[in-house]
1. For the range B:206-221, which positions are in contact (Cβ under 8 Å) with a residue 24 or more places away in the chain and over 21 Å from the mean Cα position of the chain (by Cα)?
2. Scanning for something modelled with pLDDT under 95 and under 30 Å from B:Tyr45 (Cα atoms), does the range A:9-20 turn up at least one residue?
3. Anything in the range B:316-337 that is closer than 16 Å to A:Glu67 by Cβ and of a type in the set (Val, Ile, Thr)? List them, or say none.
4. Could you please find all residues in the range A:41-72 being assigned to a strand (DSSP E or B) and over 24 Å from B:Ala303 (Cβ atoms)?
5. Of the residues B:Val32, B:Val63, only one is within 15 Å of ligand 1 (Cβ to nearest atom) and away from chain A (no Cβ under 14 Å); which?
6. I'm told B:Arg300 meets every condition in (1) basic (Lys, Arg); (2) within 14 Å of another protein chain (Cβ to nearest Cβ); (3) crowded, with 20+ Cβ neighbours inside 10 Å except one. Can you identify the failing condition by its number?
7. Pick from the range B:305-339 the residues that are more than 19 Å from B:Ile130 (Cβ to Cβ), buried (at least 20 other Cβ atoms within 10 Å of the Cβ) and within 6 Å of ligand 1 (Cβ to nearest atom): which of them is farthest from the other protein chains (Cβ to nearest Cβ)?
8. I need every pair where a residue in the range A:72-94 that is more than 18 Å from A:Cys43 (Cβ to Cβ) and of a type in the set (A, V, I, L, M, F, W, C) has its Cβ under 7 Å from the Cβ of a residue that is within 13 Å of ligand 2 (Cβ to nearest atom) and in a loop (DSSP other than H, G, I, E, B), sequence separation at least 6 or different chains.
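The values are calculated or read from the model by the stated rules, or taken from the named source; none is laboratory data. Being a predicted model, the structure only gives us computed values, none of them experimental. Cβ sites come from the backbone with ideal geometry, for glycine too, and all protein chains shown count toward neighbours.
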Amino acid sequence: MAQITFVTSDNDSITLEGTSGSVMSLAVGHGVKGIDGDCGGVCSCATCHVFVAPGDLEKTGPASEIETDMLELDDNANEFSRLCCQIEISDAIDGIVLTVAK
Amino acid sequence: MKNSVLPDPFASAREKRGLGEMVDQNDPVTMVLRHKDVRKCAHQYKTFSSEDIPGRIVVPSEVNIRETRQLPFELDPPRHGTYRQLLEAWFKRPLQADYQSILRKQIEELIGQALLQSQVEVVSELALPIQSHALTLLLNTSHEEAQKWISWGTHVFRSEGEALDGDKAMVLYDYIDEQIERAVLHPGQDLYSVLLASEIDGRKMTKEEVKGVLVLTFAGGRDTVINAVTNAIAYLADHPGALERFRQEPEIIGRAVEEMIRYFSPLTHMGRVVKEDTQVCEHAIKADSRISLCWASANRDPAVFENPDEIVLDRKINPHVGFGFSHHNCLGATHARQIMKILLSTLAEKVSTIQILKCKENIEMLSDFQRKVGYDTIQVKFNAIK
Ligand code: HEM
Ligand code: FES
């Protein structure tokens, strides 16, 4: 079980609990604003872009090459960017804070 | 070779040079073929612009047949963003449950009818009706309008010879003008009325701007959806196991839709006008020439996709560009994805097998390349689940 906090563009903070699946699915399932997950998580739409809190990068790990290739071409992206459809929920990411990019 | 195969005509040029050349009405196009280059050029709007004479970024060029600027399509950021933002929420409506349930009813009914026929011409008797009925939902107009759009036939912009046909396009433009006048007199809840009432830069949107949005919604969402639906049915006819798999594992339908969009690439490419002397793939490209972003070629790039020429229904990582990439990515994608998901799940629910009786392929002529994008006609027989 992991608790994940999303901070949306209007500064709302929502904490959700999940056990499996992707972080994107959890967010979409609860209507977190700014995470649309249009492509269902196959890494083609970038509508699941989040910034990982600096202290949490160790838990989530770095973005994969597929993600960085895509994020490189997003003017909004920085070193904390992840496509959260590529973050699997597990105990390891318990407590992370993600700021929604959009 | 199976009927449903869409060969990749770009393989050799993509590998050797990364570029292709196309002749088009004295305004040649350099086609960008590699996935990485296509995404990069799509992102670099200052060098590769969408904002030029209306119609010029379309291939074949439409400069001689229209003056209306299509919005937000033929603008660059930041102006593009102003219009795009205004439209985003409306084009996300397909995520709503009631939208999906009406769309499901429409598609179930059309497939139900197809099951009663001894044979069905998929393009005109199923794909066009599905596309037209669904569009009434997207525009939130009266359902009766669908019959009129179906009666226009599959070629609203091209006559039989495939050449661009200004007179045929006029039917659509006149229709949209009429609808805008109607919405001015009797505003309702439809897209025309909503746009007429909306503000851009502190002023009301003009009729010409509203027309620019609507023309694009009709044009961009027609052949693309028809090709996606038709190719999907041909694929399922050739691969009866796929329908069984959707029944067993409905959770893969979302991925299957993405994979079909990648493999079919219903929109082959889209142009940009080059604003300064530059290079693509180490070749010099001159200012005021045209390039095209070839989504269809990028989607078969073996540098990105394993087994690119195969449909892998549950492909997990699939960074395809079938709906474009970056600023101009497809505004109708939410709608198109819902149509395809509901189509696949409805077919899985009702249909056991599909037989192709006869078909005529639709081949696009792109100078160096010939690409099958779908079918002019395809007769099939749907067999119901007993
Ligand atoms: C399977 C079906 C579809 C495919 C494959 C598709 C493909 C594309 C592609 C590749 C682009 C990018 C063009 C560019 O970068 O210049 C695009 C843009 C666009 N599409 Fe689609 N499309 C589909 C369905 C639709 C539908 C149903 C609609 C609306 C009814 C639509 C409306 C648009 C609009 C408005 C844009 C321009 C967005 C902008 O400039 O910001 N499309 N589409
Ligand atoms: S959901 Fe599409 S890239 Fe993550």
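1. Correct list: B:Lys207, B:Glu208, B:Glu209.
2. Yes; the residues of the range A:9-20 include at least one that is modelled with pLDDT under 95 and under 30 Å from B:Tyr45 (Cα atoms).
3. Matches in the range B:316-337: B:Ile317, B:Val321.
4. Selection gives A:Val50, A:Phe51, A:Val52.
5. B:Val32
6. (2)
7. So, considering only residues that are more than 19 Å from B:Ile130 (Cβ to Cβ), buried (at least 20 other Cβ atoms within 10 Å of the Cβ) and within 6 Å of ligand 1 (Cβ to nearest atom), the one farthest from the other protein chains (Cβ to nearest Cβ) is B:His328.
8. Taking only residues 6 or more apart or on different chains, the pairs are A:Ile93/A:Ile87.
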